[in-house]
1. In nm, what is the difference between 0.36 nm times the number of residues separating residue 123 and residue 84 and their Cα-Cα distance?
2. Which aspartates and glutamates, if any, have their Cα less than 13 Å from the Cα of residue 65, not counting same-chain residues under 8 positions apart?
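Every read-out reported here was derived from the displayed coordinates using simple, explicitly stated rules and does not represent laboratory data. Everything numeric in this text was worked out from a predicted model, so none of it was measured.
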Amino acid sequence: MNKARRLRISKLFTLEMGHALLGHDGQCRNIHGHSYKLFVTLRGIPLDECGHPKDGMLMDFSDLKTIVQKNVISQFDHAVVLHMDAPHEVKSVLAEHFEKFVVLPFQPTCENLLLHFVDLIINELPSHVELYKVRLDETATAYAEWCVDDIAYH
């Protein structure tokens with residue numbers, strides 16, 4: 001493996017999502033929404049196989065789009081996301097009246113959503129590609145970021 005040929009590619013995805021943070025001591029305890037930006041960065045060595053349809057690519061961006069669309073965007077875009085411990089009455093009304101309502105076993109913070117998205121993407125990638133970094137922008141000025149390099153620090 002020629003490490004000098006290793007590089008990163010990134011793709012941006014957008015999604016609209018509402019959530020509320022159960023028991024939070026600020027405004028985020030109320031149902032509200034964000035225009036999220038999800039940046040997915042892959043690392044590896046581009047294919048060097050003359051005549052192959054993917055020659056010169058680490059991964060076709062359309063293939064990455066398919067993975068993220070199927071595993072993240074289709075489930076969370078235009079959804080309301082709540083912790084499973086939210087009041088039953090609230091969950092019942094939302095489930096009855098809205099098509100995209102997601103209940104999660106964790107607080108739907110930017111940080112937890114990011115880690116969940118990493119879990120949903122990482123095992124769907126081809127073996128020659130490494131999920132390097134995922135960034136979730138919740139607002140224009142606030143984001144959470146996961147990077148494979150941080151795993152070594154556990």
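1. Result: 11.5 nm gained on full extension.
2. Filter leaves 124.
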